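What follows is a single structure, written as structure tokens, with notes after it.
Please treat every number below as a calculation from the coordinates, not as lab data. Please read these numbers as outputs of a predicted model, since none were measured by experiment. Here the Cβ positions follow ideal geometry from the backbone for every residue, glycine too, while neighbour counts run over all protein chains shown.
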Amino acid sequence: MTIDLPSRLQDKIFEIRYSADEFVSKIVSYFPFSESEKQEIISILNIEFDEFYSIFTDTVSDDEWEKTKDQIKKKFQDELFDIDNF
């Protein structure tokens, strides 16, 4: 199953996990989704779903996200790969 999410939502997602039967089992975003974003994703999935997780607990506005997303993604990826060096 592939999810056709708007790019503004897809951009906020770090990982989508699927169950053995190929349904979405977990969505991990960089920052928590707003309730309206969750509802939009659930509507697109067209299934009951509540497995939303986020890497960071802070909430950020869409403006803040747009300004800092590249830095956040790069820093997170760099730190993730640095874990292998320890």
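Just name one of VAL28, PHE14, GLN39: the one whose Cα is farthest towards the positive end of the charge dipole of the chain (beta-carbon charges, Lys/Arg +1, Asp/Glu -1).
Of VAL28, PHE14, GLN39, it is PHE14.
Identify which of the listed values of Cα Rg over 2.2 N^0.38 Å was calculated from the structure shown: (i) 1.16; (ii) 1.54; (iii) 1.61.
Here Cα Rg over 2.2 N^0.38 Å agrees with entry (i).
Taking every DSSP beta bridge with both residues inside the chain, roughly what % is antiparallel (nearest 5)?
60
Can you compute 3J(HN,Hα) from phi for each residue in region 18-23, using the Karplus curve 6.51 cos²θ - 1.76 cosθ + 1.60 with θ = phi - 60°, rounded to whole Hz and x for Gly and Pro?
10, 7, 4, 8, 6, 8
List every residue whose amide H lies under 5 Å from the amide H of ILE55, counting only residues 5 or more places away in sequence or on a different chain, with H placed 1.01 Å from N in the peptide plane.
Residues meeting the amide H criterion: SER29, TYR30, PHE31.
Through the Karplus equation 6.51 cos²θ - 1.76 cosθ + 1.60, θ set to phi - 60°, convert the phi angles of region 69-79 into ³J(HN,Hα) values in whole Hz; use x for Gly and Pro.
4, 5, 5, 5, 4, 5, 4, 5, 4, 4, 5
Modelled label-to-label distance, ILE16 and LYS69, 7 Å Cα→beta-carbon offset: nm?
1.5
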